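Bear in mind that the values in this text are calculations on the coordinates, not laboratory data. Computed from a predicted structure; not experimentally measured. Cβ atoms come from the backbone with ideal geometry, glycine included; neighbour counts cover every protein chain shown.
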Amino acid sequence: MTKKEIRKQFMQKRDAIEASWQLKADDLILIRFQTVELPFLERIMSFYSISEKKEVNSFILTDYLHFRNPALQIAYPRMNVADTSMEAVLAPADEAFMDNEFGITEPTGNTILPPESLDLVIVPLLAIDKQGHRVGYGKGYYDRFLARCSPDCLKVGVSYFEPIDAIDDTHPYDLPLDLCITPQEVYVF
C-alpha cells in the first residue's frame, strides 16, 4: 500500500478506538517501554499527544523517563510552517503551550535544544512497516528533523497497531526508526 492509502486506513482504525481500550493500550505501551534497556538520557524530545486524534499518551512515557532521571531535559516540537522545519523547544514543568494553525499543541518558550544534542526522540505515527519506516500525517517535518539528529540518537515510535509488511512508496529521505513500541511488542529495526 502507498502512504496515502495507509494514512487513510489507519486514521479510520484510530478513530474507531474505544476510550477504555485506549487506556489499556497506553498502559501496555508503558509496560513495554519500561522493558527497553535505555542508555542514560540527558535530553529528549517527545510530542504533545492530541487526544482528539487518539494519539498514544506520550506523557506517561516522559513521566517515566523523568522519574528515572529528575534532571532530564524534555523538549517538544515546534513547527516553522514558512520553511517546513521543526525545532525542539525545552519545556520545563511550568512551560506554557498553545495550539498552532494545525491544532498541534506546541511550547511557547524560547530555549531550543539542537537536534544533535538529543539522546532520544519519541515519534508519533499512524503506521509503521517491518523495516521501521513510518507513516505520519504527510508533511515530512519529522523526517527533516530526525535527519539532523546524531546517529546515536534513539528514534522511538509508539503505535496502537502492529507493523505492516511494507510501505510501497518509501523514499531515501524517509529515515527508519530504531524501535517501535506497541501494546503487544517492542520492535527493533
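Screening region 175-189 for residues that are assigned to a loop (DSSP other than H, G, I, E, B) and aliphatic (A, V, I, L, M) and picking the one that is surrounded by the most Cβ atoms within 10 Å (Cβ to Cβ) gives LEU177. The residue pairs whose first member lies in region 23-44 and is in contact (Cβ under 8 Å) with a residue 60 or more places away in the chain, whose second member is buried (at least 18 other Cβ atoms within 10 Å of the Cβ) and of a type in the set (D, E, K, R), and whose beta carbons are closer than 7 Å, counting only pairs six or more residues apart or on different chains, are PRO39/ASP119; LEU41/ASP119; GLU42/ASP119; ARG43/ASP119; ILE44/ASP119. Note on region 141-174: among residues that are within 13 Å of the chain's Cα centre (by Cα) and in a loop (DSSP other than H, G, I, E, B), the one that is farthest from LYS24 (Cα to Cα) is SER159.
Pick from region 61-107 the residues that are surrounded by 15 or more Cβ atoms within 10 Å (Cβ to Cβ) and assigned to a helix (DSSP H, G or I): which of them is farthest from the chain's Cα centre (by Cα)? Here the residue is HIS66. Scanning region 108-156 for residues that are buried (at least 21 other Cβ atoms within 10 Å of the Cβ), of a type in the set (Lys, Arg) and without any contact (Cβ under 8 Å) to a residue 40 or more places away in the chain yields one hit, LYS155. Can you report the number of residues in region 64-115 which are under 18 Å from CYS149 (Cα atoms) and of a type in the set (Val, Ile, Thr)? Residues meeting the conditions: 5. Among the residues of region 1-39, those identified as in contact with a helix residue (DSSP H, G or I) (Cβ under 9 Å, 6 or more places away or on another chain) and farther than 16 Å from TYR160 by Cα are MET1, GLN34, LEU38.
Which of the following residues is closer than 26 Å to PRO107 by Cβ and either assigned to a loop (DSSP other than H, G, I, E, B) or of a type outside the set (Lys, Arg) (or both): GLU37, GLU55?
GLU55
One line per residue, one yes/no per condition, for (1) more than 20 Å from LEU126 (Cα to Cα); (2) out of contact with any strand residue (DSSP E or B) (no Cβ under 9 Å at 6 or more places or on another chain); (3) not basic (Lys, Arg):
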site	(1), (2), (3)
LYS24	no, yes, no
PRO39	yes, no, yes
SER49	no, no, yes
GLU52	no, yes, yes
GLN73	yes, no, yes
